[in-house]
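Novice: Okay, handing you the structure first.
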Amino acid sequence: MGGGVIKGHVACSGAKNASIPLLCASLLAKGKVLLRNVPRIRDVLDICSILKHLDCKVVFKGHTMLIDNTNLKYKPLLFEECQRIRGSYYFIGVFLTLFSKCEILLPGGCKIGARPIDIHLEAFTDLGYEYTITDQVLSVYKKKAVKEVHLTLKNKSVGASLNACFAGLSLQQFVMDNVLFEPEGKDVIEFLNQLGYPVLFSNEKITYQKKNLEFKLTKHTVVSDRIEALTYTVLGLLAGDITIKKVETKDLELPLTILKKAGFLISFTENEIKAKKSKGNPMEITTEVYPGFPTDAQSLFGVLYTRTNGQSNMQENIFENRMHIYYDLMDSGVECLIKNNKAIVEGTDQIQLKNYKAYDLRHGAALLLLALANEGEALISNFDYVLRGYDDILNKVKALGGKIEIIS
Ligand code: EPU
């Protein structure tokens, strides 16, 4: 698989973590929604099939999707797709606003930690709902009519911030504190505004005051995938000379600054990154909520650490079980010390590729980078994880000169 020349340019697709809530929120429109730049990834296809179970018409051509929810009616969300992905939880907030109730199979997704949904549930309770969980089915019902609420999310959560916001849209008004919106969440707020929901976000706070909605066909372009951009950036630094196009570099300020400071050959403009094979100085990174270093890029940078002149440190602070790549590096001959959620990696050129198994989406992507960047061949099992979140990755990597094949 690896060791060849990786050269050329690659265009980023729309963000997975924006597309999923956008598709769920499309139910909040009356009639049709047109979404552009939607990635053709498995998670999106799973959400589409849930929309179809709900009697929506979905036409997905290229990267443009037309959703018509004219025939939408309430159904319990007991479809297996709900448990395959994490983001199915966004249907809860949307259903509460539309139908004042929701029954749903508990969400699944990558097993990168316990991933409870207590922050979501507490917010729904503050908004006047009660819930039960029986045999993997979460049921949320209206307990009391609430018109106005001022609530504070008990902890920072990307998913809970948007979900609580969706659930609050039937109220006359709300204020929500301690919310966390990454660029993907901000994209969804912009979409809600386009639909006519006057949600305002600033400084960890959202405010909303209901007004009469005048629906018309809403067209929205999904924000670019910043984690995909970082994946190809790291690939360029490890293995070649890549220009990454259609990127919002303003959303990647910290990771790009870290790479520049470490001395890697990287340059960027507003919408483009150039990354060239190079070595850098050791780095010390801690994952934090946005605008801190993204947890989704942690394993990717772990692989890049092998190209530093010394010892680099990584501390994972968001999820409890996202350190698999460091064990693979160790198995491949890299000196690595792993304790709890911290890894220390020694840079080296002596990497012996092996067969690997992906345990989550970003772990799979990091394994791919490791394989493409080093001489030899590697077999990655569970590669399905990667296809859940990376649009057209096989063709993109092949177009750059990477040798990659799926063996069923
Ligand atoms: N948490 C709770 N209770 C909750 C919600 C979250 O304890 O009710 C904890 C989580 O267990 C975690 C932390 O809070 O330790 C942060 O979780 P958050 O809710 O912010 O993340 P998420 O909504 O579950 C989304 C993305 C993830 C991405 C994180 C952080 C989706 C579908 N998933 O997850 O994406 O890592 O935000 O940016 O949007 C990925 O793309 O590989 C991925 C895992």
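Novice: Take every DSSP beta bridge with both residues inside the chain and express the antiparallel ones as a percent of the total, to the nearest 5.
Specialist: Antiparallel bridges: around 70 percent, rounded to the nearest 5.
Novice: Something else now. Any chance you could tell me what percent of the C-alpha pair distances in region 272-405 go past 22 Å?
Specialist: I get 35 percent for the Cα pairs in region 272-405 exceeding 22 Å.
Novice: Under a no-solvent Debye model with one identical scatterer per Cα of region 125-176, what's log10 I(q)/I(0) at q = 0.30 Å⁻¹?
Specialist: So the normalised log intensities work out to -1.24.
Novice: Here is a follow-up. Mean separation of Cα pairs under 8 Å and 6+ residues apart, divided by the residue count of the chain: what relative contact order is that in percent?
Specialist: Relative contact order for the chain comes out at 18 percent.
Novice: Determine, from the Cβ-Cβ distance of residue 315 and residue 212 and an R0 of 60 Å, the FRET efficiency 1/(1 + (r/R0)^6), rounded to the nearest 0.05.
Specialist: E between residue 315 and residue 212, to the nearest 0.05, is 0.75.
Novice: Moving to a separate point now. Can you tell me how region 260-313 classifies by the Cα gyration tensor, rounded, prolate or oblate, using a/c under 1.5 as the rounded cut?
Specialist: oblate
Novice: Averaged per residue, what accessible surface does the chain expose to a 1.4 Å probe, in Å²?
Specialist: 42 Å²
Novice: In Å and from the alpha-carbon atoms only, list the Rg and Dmax of region 178-264.
Specialist: Expressed in Å, the Cα Rg and Dmax of region 178-264 come to 17.5, 54.
Novice: When each pair of different Cα atoms in region 127-235 is counted once in the 1/r mean, what is the Kirkwood radius in angstroms, to one decimal?
Specialist: 15.8 Å
Novice: On to the next question. Counting only protein heavy atoms and a 1.4 Å probe, tell me what percentage of the chain's accessible area is made up of carbon and sulfur.
Specialist: The computed percentage sits at 48.
Novice: I would also like to ask the following. How many Å³ per residue does the convex hull of the Cα positions in the chain occupy?
Specialist: 129 Å³
Novice: Within region 1-99, list the trypsin sites (Lys or Arg not before Pro) lying in a DSSP loop whose Cβ has at most 10 other Cβ atoms in a 10 Å radius.
Specialist: Hits after loop and neighbour filter: 73.
Novice: Under the rule of -39500 (n - 2.57) per DSSP H run of 4 or more residues, summed and divided by the residues of the chain, what mean residue ellipticity at 222 nm is obtained, to the nearest 500 deg cm²/dmol?
Specialist: Counting only the DSSP helices, I get -9500 deg cm²/dmol.
Novice: Now for a different question. So how do 383-390, 17-24, 249-256, 284-291 stack up, highest first, on mean other-Cβ count within 10 Å?
Specialist: The most tightly packed comes first, giving 17-24, 383-390, 249-256, 284-291.
Novice: Over 24 Å apart: what share of the alpha carbon pairs of region 10-166 falls there, rounded to a whole percent?
Specialist: Tail fraction, whole percent: 32.
The values are calculated or read from the model by the stated rules, or taken from the named source; none is laboratory data. All values derive from a computational prediction rather than experimental measurement. Neighbour counts are summed over all protein chains in view; Cβ atoms, including those assigned to glycine, are modelled from backbone coordinates with ideal geometry. In case anyone asks, the SASA skips ligands and DNA or RNA and just uses the protein heavy atoms, side chains included. Shrake-Rupley method; radii C 1.70, N 1.55, O 1.52, S 1.80 Å.
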